Amino acid sequence: MKILLLGSGELGKEFVIAAQRIGQTVIAVDSYENAPAMQVAHSFEVINMLDGEALDQIVSKHKPDFIVPEIEAIRTERFYDYEKQGITVVPSAKAANFTMNRKAIRDLASKELGLRTAKYEYATSAEELQKAVQEVGIPCVVKPLMSSSGKGQSTIKTESDIEKAWQYAVAGSRGDVIEVIVEAFVNFDSEITLLTITQNGNPTLFCAPIGHRQERGDYQESWQPALVSEKDLYEAQDMAEKITEALGGAGLFGVEFFLTKEGVYFSELSPRPHDTGMVTLAGTQNFNEFELHLRTILSLPIFEITLEKAGASAVILASEDSTNPTFTGIEKVAALPKTDFRIFGKPTSRPYRRMGVVLSHDTLSTPINEVTERAKETAKLITVNS
Ligand SMILES: Nc1ncnc2c1ncn2[C@@H]1O[C@H](COP(=O)(O)OP(=O)(O)OP(=O)(O)O)[C@@H](O)[C@H]1O
Ligand SMILES: NCC(=O)N[C@@H]1O[C@H](COP(=O)([O-])[O-])[C@@H](O)[C@H]1O
Ligand SMILES: [Mg+2]
C-alpha cells in the first residue's frame, strides 16, 4: 500500500519505521527538508500543507491509498474531496478536519455530545477576549484555535494579563485563523491520555491510561500505566468512545482528560499517535502506538493489547537556536540498565524544541513514580549543543 504522510516529525518517523517493517511504501511530507520521518521514508515532498493547491498536486502525483495526517495545520477541508476520490483519509476526513480547529472539536464534544469540559468562550480580538474572560472567570487558559504543543497558549491570572495573552496567542497561531478559545482553568489532580483504537466494524480498544506532566503547554514526562480509579477510567473510556465514534473512521486516537475530585473532564484529542504515547516505545505494550495505528489503518486484526511493563518517557529539549545541533551525554544514558533513548534527527534546534526522548521501563510491580523519576533524571544527562 502507498501511504502519504502529512507531517514528518518524531511521531511520523516511528510510524514510518513501523510501516517499513511490514513492507508498506511511505511518502513523507513536511514544510522543511530532512524532517525526521523523511529520513526513513521511501521519498519525500516539501510543501506548505496549508496550501490546498500544493496538497492537490502531490495527491494527484502520488495517488496514495492512504493519507495519514501527522500534524494539525493542514488544509484539511480538501480531505473530504480526497475521500470522494476513493482515498482513505486516516482516521477520517471529518476527524482530521474537526481536530485541526479547537472550535469544531470543542463544540462537538460539549454541545453535541454533552461531554464535561471546562467552561469556554471564543474571541477574535483583544476586546472580545476581555468579555470572554469575564464570562469564564479568572484564572483561565487562552489558546489559538489552531496550534499544538502549547504554542501561543498562556494562563490569565489577573486582568492585566489579557492583552499580552492575546498578543502571544496571535504570534503562536499555526494556521491562518486569528481566533482564540478561552477556557476556565481546571484545577485537576492529574491528567491522562487514553489511547483509543477504533476499527471499522470491530469493538473499540483502549490502552492502559498514560499519565503526563506538562510545562508551557507541552509534555515533559509521560508514564504508563497511570493510576486511575475504576470509576474515572470508565467515565473516560465512555467519553472517548462517544467522541471517536462521532468522528468516524479507523485509527488510533490520543484522547486527553483532566481528572478532578468532581469527575473527569474531556480536554481535546489527536486523531493520530500522541506525543505522550511515545512511552509505548519503552516496550510497555505488545504493540506500540505507531504499530497500533498502522495495523488499524491496514485493517489488520489486533488480537489483543497487553500491558507488559511499567514505563516512562522524558523529553530532551534544546535550549538554543542552532543549524547543527549535537548531543553530549548519550554514552552515560546508554550505560544505564532498563533505559533507552531516541534522538529524532531534527536538522535544526530552537529553545524548547523537542529533540529526543529518554525511555525507562521496569516490572509492572515497580511503583510508576520511580520509573518516571528515573526517566526524568536520566534525560538531564543529555545536552543539546548548538
Ligand atoms: N482549561 C485548562 N485548565 C488547566 N490546564 C489546562 C487547560 N487547558 C490546557 N491546560 C494545560 O495545558 C496543556 C496543553 O493544553 P492542550 O492539550 O489544549 O494544548 P495543545 O497545544 O493542543 O497541546 P498538544 O498538541 O501537545 O496536545 C494541557 O495538557 C494541560 O496541562
Ligand atoms: N503535540 C504534537 C506533537 O508532539 N507533534 C509532533 O511534533 C512534530 C513537530 O515538531 P517541531 O515543532 O519540533 O517541528 C510533529 O511533526 C509531530 O511529530
Ligand atoms: Mg494536548
For the stretch 87-93, in order, what is each residue's ³J(HN,Hα) by Karplus, 6.51 cos²θ - 1.76 cosθ + 1.60 with θ = phi - 60°, in whole Hz (x at glycine and Pro)? 8, 7, 8, 9, x, 6, 4
Using 23 Å as the Cα-Cα cut-off, could you pick out the over-long pairs in Lys309/Lys346; Lys151/Lys346; Lys346/Lys380; Lys13/Lys63; Lys338/Lys380; Lys111/Lys143? Lys309/Lys346
Between Ala334 and Gln134, the FRET efficiency computed from the C-beta separation at R0 = 51 Å comes out, to the nearest 0.05, as 0.40
For the stretch 146-281, treating each Cα as an identical point scatterer without solvent, what Debye log10 I(q)/I(0) comes out at q = 0.15 1/Å? -0.80
Amide proton proximity set for Phe341, modelled H, under 5 Å, gap of 5+: Leu359
Per the rule of 0.36 nm per residue minus the C-alpha distance, extending Tyr122 to Glu215 adds in nm 31.1 nm
State to the nearest 20 debye the size of the charge dipole of the stretch 2-89 about its Cα centre, where the only charges are +1 on K and R beta carbons and -1 on D and E beta carbons. 360 debye
Tell me the accessible surface of Ser149 in square angstrom (1.4 angstrom probe, heavy atoms of protein chains only), to the nearest ten. 50 Å²
Give me the dipole magnitude in Debye, nearest 20, for the stretch 190-385 about the Cα centre, with unit charges on the beta carbon: positive for Lys and Arg, negative for Asp and Glu. 600 debye
Per the chain, sqrt(5λ) over the Cα gyration tensor eigenvalues, sorted largest first, in Å, gives 28, 26, 23
Taking the Cα centre of each part, how many Å lie between the stretch 111-127 and the stretch 217-251? 20 Å
Can you compute 3J(HN,Hα) from phi for each residue in the stretch 350-366, using the Karplus curve 6.51 cos²θ - 1.76 cosθ + 1.60 with θ = phi - 60°, rounded to whole Hz and x for Gly and Pro? 8, x, 6, 5, 6, 10, x, 9, 9, 10, 10, 9, 7, 5, 5, 7, 6
MRE, 222 nm, helices only [DSSP H, n ≥ 4, -39500 (n - 2.57), over the chain, to nearest 500]: -8500 deg cm²/dmol
Could you please put Thr99, Thr158 in sequence from largest to smallest accessible area, using a 1.4 Å probe? Thr158, Thr99
Restricting to DSSP loop positions (anything but H, G, I, E, B) with no more than 12 other Cβ atoms inside 10 Å of their own Cβ, which chymotrypsin sites (Phe, Trp or Tyr not before Pro) remain in the stretch 279-383? Phe303
Given charges at beta-carbon only (K, R positive; D, E negative), |dipole| of the chain in Debye: 560 debye
FRET efficiency, 1/(1 + (r/R0)^6) with R0 30 Å, evaluated for Ala171 and Glu33 via beta carbons: 0.75
With labels modelled as points extended 7 Å from the Cα through the Cβ direction, what inter-label distance (nm, one decimal) is found for Ile178 paired with Ile47? 2.8 nm
Extreme residue, positive dipole direction of the chain, given options Val29, Ser365, His212 (C-beta unit charges): Val29
Report the one residue of Ile343, Met49, Met278 whose Cα lies farthest in the direction of the positive end of the charge dipole of the chain (charges on C-beta: Lys and Arg +1, Asp and Glu -1; origin at the Cα centre). Ile343
Students sometimes get this wrong: rank Arg350, Arg106 by accessible area, probe 1.4 Å, all chains present, largest first. Arg350, Arg106
Amide H of Asn286 versus every other amide H placed in the peptide plane: which residues, excluding those fewer than 5 positions away on the same chain, fall under 5 Å? Thr306, Glu308
The long-range amide H neighbours of Phe327, using H built 1.01 Å from N in the peptide plane and a cut-off of under 5 Å, are Asn385
Signed unit charges on C-beta, dipole axis of the chain, positive-most listed residue Tyr352, Pro91, Pro64: Pro64
Calc'd 3J(HN,Hα), the stretch 20-33, phi into Karplus 6.51 cos²θ - 1.76 cosθ + 1.60 (θ = phi - 60°), Hz, glycine/Pro = x, comes to 4, 5, 10, x, 8, 9, 10, 10, 9, 10, 7, 8, 9, 6
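The values are calculated or read from the model by the stated rules, or taken from the named source; none is laboratory data. This is a predicted model, so every value here is computed, not measured. So basically every Cβ, Gly included, is an ideal-geometry build from the backbone, and we count neighbours across all protein chains shown. For accessibility, only protein heavy atoms count, side chains too; no ligands or nucleic acids. Shrake-Rupley method; radii C 1.70, N 1.55, O 1.52, S 1.80 Å.
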